[in-house]
Each structure stands twice: as C-alpha cells, then as structure tokens.
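Written below as structure tokens is the structure these notes are about.
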Amino acid sequence: QVGNYKRTVKRIDDGHRLCNDLMNCIHERARIEKVYAQQLTEWAKRWKQLVEKGPQYGTVERAWCAFMSEAEKVSELHLEVKGSLMNEDFEKIKNWQKEAFHKQMMGGFKETKEAEDGFRKAQKPWAKKLKEVEAAKKAYHAACKEEKLAISRETNSKADPALNPEQLKKLQDKVERSKQDVLKTKEKYEKSLKELDNATPQYMENMEQVFEQCQQFEEKRLRFFREVLLEVQKHLDLSNAASYKNIYRELEQNIKTADAVEDLRWFRANQGPGMSMNWPQFE
C-alpha cells in the first residue's frame, strides 16, 4: 500500500540507534567491571592487613592471605576485561557505525534518504494510477446514487396527478441521463482498474528491488552485531582463560598447604613449652 515502505526506511534509522544502544550497554558493563576490580583491590588490601595484624598464625594464615592474592589477580583480569570492552568492542561498533551511516547537512542519513527516494520513485507511477482509480470509483458511486435518486423521483411522480406531462418528461430524461452517466463512469472505473492491474507486476518488482537493497543493508548490521556480541562474550568469559584457571589452582594449592600439626608444632616451639625458658636465677 502507498506509504507503507516507511517501516522499512525507519529500520535504517533504528539500526543507527541500536549501535548507540549496544555501545551504551557495553560501556555500562565496562564500568561495572572497573568498579568490581576496584572493590576487589580495596577488599584485599583491608583484609590482608586485618589478618596479618590478627591472632591467626602459621600455614593457615598464609592460606587465608592467599584469598587476598586471588582477589588482586582477579582484579587485574577484570580491568583487562574492561579494557577489551572499551578499547576493542566499543571502538569497533563506533567505527562501523561511522562507516555504515553517513549524516547529511540537512539532517538524517544518506542511506535513509536513498531508500526513501528509491521507494517513492518506484511507487509514484502506481500511486498516480491508484489515485485515478479512487477518483473513477468515487464518480461511479456518485452516478449510481444519482441514478437511484432519479428513478425514485420518476416512480413517485407517476402517482402524482398534479404533475404535467412536461415535468414528467424532464424526470424521465433525468433518469436516462443518469443511466448514461452510470455506464460512462463504470466504463472509466473499470478501465482505470485494468490499467492499475496491468501496472501492478512492474510496481511490485520495482518496490521489491529497493526492499532487497534495504534487506542487504540490514543483513550487514545483523551479521556485524552477531560478530561483536561473540567477541564481547569471549572477553567476558574468564572460565576459558588459562591465567584465570591458574589463579584458583594456585589458591587451592595454598589452602592445601595449611597444616594444623605444623602450626601446632610452631606454636608449641614459639609460644608454648618448647620456647626457651628464662627461669629465675640468683641476682
């Protein structure tokens, strides 16, 4: 239908907006990664001091402090994630958007105008014929209405003895003229419909050609978004990062080295009966 291509044209503008939305989405996630990294670092620093100054000792103290080392290393990884999101993914979308959409001096995008012009050009001849059909239809329906009214007046006049033959003749002539108008307008209506039908296949072909160009433009955006989202996923997924796995392998080893017997032996030697005695002597 005339003008319904606007939804397809609007999709081009929506594509530009979706690039902005995706960049904002990634920017917010990068900010979260940064804040999380900062909080991990602050947490590790505070608890490392508390544990070192606290009463815990020996191998269990070292195992406990290993959590703070884990936090510091994970913090670094999340800062790397933040950097990848902003320096790679964000910038990639920004550059692609700049290359795909070209702003015009008068506002809007070149790609939107080209699609709009293409559709309008393809639709113009058919829309003109459609307008002619609507006008012919309106004229035909008006003629039919006029004919019905003329026949009704003629029928009623036959029952009216006050009308003279001349008046009756005028009414009959009006009926005849209205019937001629109906035939004439009907013929014009049917002719314009036929012309519209004959023009429809070419119209559809021209419109579909412009539509396919819009589809190709949108396909590029959809494929690009999929590509970027996969890259974002790789940057966020630390579970496959060797350095991330090593952090927890090292943490586990540090915890497993905690030895209650060793710590009790150390405490006995340094704080208990095993420590060097200083018995009172004659002074």
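The values are calculated or read from the model by the stated rules, or taken from the named source; none is laboratory data. This is a predicted model, so every value here is computed, not measured. Please note: Cβ atoms are built from the backbone with ideal geometry, for glycine as well, and neighbour counts cover all protein chains shown. Areas reflect the complete protein model, heavy atoms only, side chains present, ligands, DNA and RNA absent. Shrake-Rupley method; radii C 1.70, N 1.55, O 1.52, S 1.80 Å.
Looking at 179, 174, 186, 194, can you tell me which residue is open to solvent by less than 90 Å² (accessible area, probe 1.4 Å) and within 30 Å of residue 2 (Cβ to Cβ)? After ruling out the rest, the residue left standing is 186. For beta carbons closer than 6 Å, sequence separation of 6+ or different chains, a first residue in region 223-250 that is under 11 Å from residue 77 (Cα atoms) and a second that is open to solvent by less than 50 Å² (accessible area, probe 1.4 Å) and of a type in the set (Val, Ile, Thr), the qualifying pairs are 235/81. Against the numbered list (1) buried (at least 17 other Cβ atoms within 10 Å of the Cβ); (2) assigned to a loop (DSSP other than H, G, I, E, B), residue 93 comes up short only at (2).
Could you pull out the residue among 100, 127, 143, 122 that is free of Cβ contacts under 8 Å to residues at least 60 places away in the same chain, aliphatic (A, V, I, L, M) and out of contact with any Leu (no Cβ under 7 Å at 6 or more places or on another chain)? Give the derivation first.
Working: 100 fails: free of Cβ contacts under 8 Å to residues at least 60 places away in the same chain; 127 fails: free of Cβ contacts under 8 Å to residues at least 60 places away in the same chain; 122 fails: free of Cβ contacts under 8 Å to residues at least 60 places away in the same chain.
Answer to the check: 143.
Look at (1) open to solvent by 80 Å² or more (accessible area, probe 1.4 Å); (2) closer than 20 Å to residue 183 by Cβ and you find that residue 139 fails only one, number (1).
Among the conditions (1) open to solvent by less than 70 Å² (accessible area, probe 1.4 Å); (2) farther than 24 Å from residue 5 by Cβ; (3) at pLDDT 95 or above, residue 214 misses just one, which is (2). Looking only at region 227-265, count every residue that is part of a helix (DSSP H, G or I), hydrophobic (A, V, I, L, M, F, W, C) and within 38 Å of the chain's Cα centre (by Cα) and tell me the total. Number satisfying all stated conditions: 8. Scanning region 76-90 for residues being open to solvent by 30 Å² or more (accessible area, probe 1.4 Å) and of a type in the set (A, V, I, L, M, F, W, C) gives a total of 3.
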